[in-house]
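A.B. asks: Before anything else, here's the structure in question.
Only the coordinates and a few stated rules stand behind these numbers; no lab work does. Remember, predicted model here, so these are calculated numbers, not experimental data. Positions of Cβ are generated from backbone atoms using ideal geometry, with glycine treated the same way; all protein chains shown enter the neighbour counts.
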Amino acid sequence: MISSPRVPPIATQPTSMSEFVDRPGTAPRPNSPVAGTQPRIADLADLPLEIFLQVITYISPTESILCRRVSRSWNAAFTGHDASRHLMRLHFPRVNAVRSADRQYEAHVFYTVARRYFHLRAARPRLIEKIDASITMAAELDGSYMSIRLWDRWLHQNSEKGIFDQGDTSWCLDDGLLVYREGGASCGYVAYDLETGHHIPVPFTTQGTIVRRLRLAHQVLIIEWCQDSPPLAFNDTQTVRRHHATAFDVQRPREWDPSSSLAPWEIRAKWEIRLPSLLMNIYDRFFSAHTATHYALYIWHDAKWPSNRQWAPDESLTIWEFDRASPGIPSENPLGVEMHPQPRIIRRFSQERLSVFGVCQGPNPLLRGIYLDEGNVYIHEEDHCWLIGGEQSSIRLPRGHAVCSTAIPFTAIGPHWFDECCGNRDRVNNRRNSNLRVCPRIGSAARRKAEDYQDDDSGGDGLTGSWLNHPTWPGWAPCWRHDEFPLLTSSRIVDAHTGVSIIARSWPLREPELSTLGRHQLTVQIPQDGPREKTFKTKGLLKHLLGRGVIQGDERWIVGEDRKGAITIVYF
């Protein structure tokens, strides 16, 4: 008997959601404990992973954090590896911590970054830390710290005076490492890691030295100092001191024993800084900058100070190279002076050579600062229409606020770079537009946003590749100084990765006694939120941060000081 073929059952459509869930072959929820089981979708956490990631795309970072508190299943779903990585790449793709986060710590990193941007968007600090003024001012009180003298010029209009140049701070900050003078019997310098809370001693002897400036950049700390010995007589009216610079290789151990007396830093080099044929005195002005391998120093020396102000000053610009660390323990020479490998002078620009490039300052200097990369030294000059006070003020004033940048190559012989703000300075006829309420360079290449900048491996010459698009490239004239004219932008922080800008502005023509009555302004700008700036309104914050008008930091924190020298750290 021939049997008829078996007819397969006719597939029927599910009549309810429960019937669909129980049907074999459907996808399980993201965190299903048993493989092959098909639990009922009764909650958001039960959705398949792909659908779950699409749903959480429509909620904000703050809402994503709050969803963790709903239930244990929601907490497991929102703190999972896939969800944390998806949210980080969606909301904070440029944050450096997101790029380098370990797999097991991604949920915590997302929480930390989301909390940070919540406070940044609200222009409200999460935590404020103070370092006692008696600690930071101890060096100035005992004479072991002497800041560089400012130019003798100030703003003056309608019987009101204002400070134009900001002095150096007695501390420095780079990548979350704060170096400052610590109190106590040793009175030495320490490096405070703002991320881990470790205090690491700096192996620099303060006995017998007077610190003039310290600067931390590119994982290299350079301290410029002079000997605390009786000054040498230069002539009948002037004395000089020997000035030196010491470079340290910065190391940041993740685990540090506070009881250890061994510093994890090494001295890379130590050398004397001076003019080719003259030593420096306390009236000399000098500006410096460094990278991981080079150090640049500009010296403005008036040999007739203070007897004859009409005498032309001596000027010099020198570039050193120090690309190798100091081996072993420093030895002693017969004179009792520590001997270290000397950096090599690779380029020296005399006063005549500086005149060829148009950056010779003369008796009426305009220099604001110098900057450095691996192939060029950048000189920023600045002049103001109200800068009429002081013996070193400009003779021929601009019609507005003049800024320019000059780049001089030191690794090769070639043309130099010059850039100036096109709306405020004309060295020939002085007839350009003087309306600087809106900077005329907005929209040009010099004002491009940070999101247009892309990291590449094109090299560090500074004049090629994507550095031309970066807003902090020193080759562009610093027209951010007058972006809200007549307000003066005293300092700004631009995070290199995220483009977050924190800007400090001030009305310069008020007496210092009125600084707490609305003289300063602090704003934050986040590129993802558009060009609008958010103003900090926390009571008493500005007087603790902008005592000197200088702030440093990044998107994670701001560091400043008040008028008494106390350091203030604002965490986000």
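A.B. asks: Between T411 and K564, what length comes free when the chain is fully extended (0.36 nm per residue of separation minus the Cα-Cα distance, one decimal in nm)?
C.D. replies: 50.8 nm
A.B. asks: A further question follows. Could you tell me the calculated FRET efficiency between A312 and R69, based on Cβ-Cβ distance and R0 = 60 angstrom, to the nearest 0.05?
C.D. replies: Working: r = 71 Å, r/R0 = 1.18.
With R0 = 60 Å, the Cβ-Cβ based efficiency is 0.25.
A.B. asks: Around I345, which amide H atoms from residues at least 5 apart in sequence, or from another chain, sit under 5 Å from its own amide H, with H modelled in the peptide plane?
C.D. replies: Counting only residues 5 or more places away or on other chains, the set is E321.
A.B. asks: On full extension of the chain, what length is gained from E352 through F118, given 0.36 nm per residue of separation minus the C-alpha to C-alpha distance?
C.D. replies: Additional length available on full extension: 78.9 nm.
A.B. asks: Ranked highest first by average number of other Cβ atoms within 10 Å, how do 86-96, 553-563, 157-167 line up?
C.D. replies: 553-563, 86-96, 157-167
A.B. asks: Further, regarding this structure: Assuming R0 = 35 Å, what is the FRET efficiency of I388 and I148, from their Cβ-Cβ distance, to the nearest 0.05?
C.D. replies: 0.90
A.B. asks: Which distance in nm do the two modelled labels at W507 and T291 give, with both placed 7 Å along the Cα-to-Cβ direction?
C.D. replies: Label at W507, label at T291, 4.3 nm between them.
A.B. asks: On to the next question. Can you run phi through the Karplus equation (6.51, -1.76, 1.60; θ = phi - 60°) for the stretch 49-62 and list ³J(HN,Hα) in whole Hz, with x for Gly and Pro?
C.D. replies: These are the phi-based 3J(HN,Hα) values: 4, 4, 5, 4, 5, 5, 5, 6, 5, 8, 10, 6, x, 5 Hz.
A.B. asks: Rounded to the nearest 0.05, what FRET efficiency do T239 and T196 have when you use their Cβ-Cβ distance and R0 = 41 Å?
C.D. replies: It comes to 0.40.
A.B. asks: Q361's amide H: which non-local residues (gap 5+, or another chain) put their own amide H closer than 5 Å, with H modeled 1.01 Å from N in plane and none for Pro or chain starts?
C.D. replies: Here nothing satisfies the definition.
A.B. asks: Sticking with the crude label model, points 7 Å out along Cα→Cβ, report the distance from H108 to H81 in nm, one decimal please.
C.D. replies: 1.7 nm
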